[in-house]
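The structure under discussion appears below in the form of structure tokens.
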Amino acid sequence: MICVEKTVLSRLFRLCLSLISLILIPGAGFCQAGVIIGFGDSLTEGCDVLSGGDCGWVGGTGYTGELESLLTSNGYNYNVYNFGKGGETTADALTDGRFDSVLNETCNQGAKYILLLEGTNDLLHGASGLDVKFNLGEMIRKSRDKGVEPLLATITPDPNPEHSYKNIPLMNDYIRALAAEKDVVLVDLNSAMAPYWDTYTNPRACYNDLLHPNPTGFDAMAAVWYATLAELLPRPLTWLHLLLKTP
């Protein structure tokens, strides 16, 4: 009994030291936040965002803010940065250097994951689905070269009949094949959200079209990302776990 009590008291002492270090040294210990990068076009940027400097956009109604809230409320300690850019194609992101620039941002050093959702604008401008697949493959390669693991999303619907030539179902088949070829985790946003797309675009969002989700839709998108991340990230430590943790 005495040995058990001493062990618990020892662990409690270490916990107290950790708490003191967090007070005296902001960001120290187990409370230092990890980083997840949201990368893509306006489906990542969202609506009404504000300039946030080196750490992407802030505010607005993109999925990143809700995803960070979901992670926080479930005990995960991660900043989710919004690096969406409205109208961007995968070709733009690579040829103008933005993708490299985002990976090299100071706030993204040591990032755990980058969430890739891009390609619908390439299709809008008549690009080949195979070209988009190649470009996404380059993003996967570049991410891993920087030590950041990519998660690859299928493209959400665009039911505008004038955009039927985009052939999003075929593009998503290419994306699923790419995920399998590169051994990348696939986040099938399209399959999860397509059945409810009318709700996610009515009422209309700031783009006033059928492509961009409203706040309800962006929240649903965040929930799909969260469900995948919760399977990948280490389970959060509770105070009890910290207290009873074996040295």
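The values are calculated or read from the model by the stated rules, or taken from the named source; none is laboratory data. Because the structure is predicted, anything quoted here is derived from the model rather than measured. When we count neighbours, we look across all protein chains shown, and the Cβ atoms used for this are built from the backbone with ideal geometry, even at glycine. SASA here: full protein model, heavy atoms, side chains in, ligands and nucleic acids out. Shrake-Rupley method; radii C 1.70, N 1.55, O 1.52, S 1.80 Å.
Please pick out the residue among Asp92, Asp48, Asp131 that is in a loop (DSSP other than H, G, I, E, B) and not polar (S, T, N, Q). Only one candidate passes the filter, namely Asp48. Among residues of the stretch 49-78 that are loosely packed, with under 14 Cβ neighbours inside 10 Å, those with a beta-carbon under 9 Å from a residue that is not hydrophobic (A, V, I, L, M, F, W, C) and not in a loop (DSSP other than H, G, I, E, B) at least six positions away or on a different chain give the pairs Asp54/Thr106; Asp54/Asn108; Asn74/Tyr226.
Taken as a whole, the condition of being hydroxyl-bearing (Ser, Thr, Tyr) and either touching a strand residue (DSSP E or B) at 6+ places or on another chain (Cβ under 9 Å) or at pLDDT below 95 (or both) applies to Thr72.
Scanning the stretch 106-127 for residues that are farther than 22 Å from Leu229 by Cα and either open to solvent by 50 Å² or more (accessible area, probe 1.4 Å) or among the basic types (Lys, Arg) (or both) yields a count of 4.
For the stretch 95-105, give me each residue that is open to solvent by 40 Å² or more (accessible area, probe 1.4 Å) and more than 15 Å from Gly38 (Cα to Cα). Correct list: Thr95, Asp96. Leu130 satisfies every condition listed in (1) closer than 24 Å to His163 by Cα; (2) among the aliphatic types (A, V, I, L, M); (3) buried (at least 16 other Cβ atoms within 10 Å of the Cβ) except (3).
Of the residues that make up the stretch 158-178, is at least one in contact with a His (Cβ under 7 Å, 6 or more places away or on another chain) and touching a residue at least 24 places away in the same chain (Cβ under 8 Å)? Taking every residue of the stretch 158-178 in turn, none turns out to be in contact with a His (Cβ under 7 Å, 6 or more places away or on another chain) and touching a residue at least 24 places away in the same chain (Cβ under 8 Å).
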